[in-house]
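The values are calculated or read from the model by the stated rules, or taken from the named source; none is laboratory data. These numbers were taken from a predicted model, which means no experiment stands behind them. Cβ atoms come from the backbone with ideal geometry, glycine included; neighbour counts cover every protein chain shown.
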Amino acid sequence: MSPYLLQFPKRFFDILLSILVLPIALPIIFISAIIIYITDGGPIFIAQERVGMQSLPFKMFKIRTLQNQFKYTPGKQHDTSDILWIGVFLRKFRIDELPQIVNIFKGEMSWVGPRPEFPYFFEHYLKLNESYSKRQSCRPGITGLAQINDPNATPENTLEKLPFDLKYVQDATIWMDIHIMIKSFFAIWN
């Protein structure tokens with residue numbers, strides 16, 4: 001594993017970036033929450049159980065993008081008719097992920113790392129490939145090397161993305177994190 005992932009600079013980078021992004025993120029989250037509440041009612045945020053560092057479970061926060069009548073089912077691909085009109089926009093620009101800044105402050109996530117998996121899928125992929133557990137040696141991320149190299153991947157492509165996650169775990173540096181963040185930012189606008 002990369003020594004960078006075990007050192008203070010990684011955590012410092014996460015906290016500093018979260019503090020810098022928070023003044024921009026809070027008004028966007030607030031406006032999104034008002035629109036969701038007015039147009040669909042129900043909860044604004046959801047907390048999904050995911051598998052984090054050292055394979056420990058945690059609740060990952062997101063802005064709700066599905067209509068209130070639909071339940072979030074791990075791995076299910078929803079039709080656009082299931083998604084709120086504002087939810088399409090929130091997903092396209094990854095705004096629904098902004099509440100994960102709370103997970104970063106709590107130390108459950110990082111800005112950059114392998115995406116956190118649902119427990120059921122974690123167990124499934126672990127049975128198919130023992131190396132899958134190595135991605136749990138660092139905090140999961142909002143974005144990662146796999147996301148910028150295969151942005152259109154679906155849950156069925158998880159094992160195809162595994163080499164990118166393992167490369168990150170092995171070679172991560174502050175410069176790699178910055179590079180991934182920049183590429184992720186530009187990928188959102190494509």
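Kindly indicate which of Leu159, Leu126 is free of Cβ contacts under 8 Å to residues at least 24 places away in the same chain and over 18 Å from Ser18 (Cα atoms).
Working: Leu159 fails: free of Cβ contacts under 8 Å to residues at least 24 places away in the same chain.
Only one candidate qualifies: Leu126.
Applying the selection to the range 111-150, what residues are acidic (Asp, Glu) and either under 15 Å from the mean Cα position of the chain (by Cα) or farther than 23 Å from Gln170 by Cα (or both)?
Answer for the range 111-150, where residues must be acidic (Asp, Glu) and either under 15 Å from the mean Cα position of the chain (by Cα) or farther than 23 Å from Gln170 by Cα (or both): Glu117, Asp150.
For the range 111-129, enumerate the residues that are of a type in the set (A, V, I, L, M, F, W, C) and either in contact with a strand residue (DSSP E or B) (Cβ under 6 Å, 6 or more places away or on another chain) or in a helix (DSSP H, G or I) (or both).
First, pick out the residues of the range 111-129 that are of a type in the set (A, V, I, L, M, F, W, C): 111-112, 118, 121-122, 126, 128.
If the condition is that a residue be of a type in the set (A, V, I, L, M, F, W, C) and either in contact with a strand residue (DSSP E or B) (Cβ under 6 Å, 6 or more places away or on another chain) or in a helix (DSSP H, G or I) (or both), then Trp111, Val112, Phe121, Phe122, Leu126, Leu128 are the ones that fit.
Listed residues Glu160, Glu156; which is surrounded by fewer than 14 Cβ atoms within 10 Å (Cβ to Cβ) and modelled with pLDDT of 90 or more?
Numbers: Glu156 fails: modelled with pLDDT of 90 or more.
Answer to the selection: Glu160.
For the range 170-190, which positions are under 14 Å from Arg115 (Cβ atoms) and either of a type in the set (Phe, Trp, Tyr) or at pLDDT 95 or above (or both)?
Hit for the range 170-190 is Ile180, nothing else.
The conditions are (1) in contact (Cβ under 8 Å) with a residue 12 or more places away in the chain; (2) more than 18 Å from Tyr4 (Cα to Cα), and Met176 fails exactly one of them. Which is it?
Going through the list (1) in contact (Cβ under 8 Å) with a residue 12 or more places away in the chain; (2) more than 18 Å from Tyr4 (Cα to Cα), Met176 breaks only (2).
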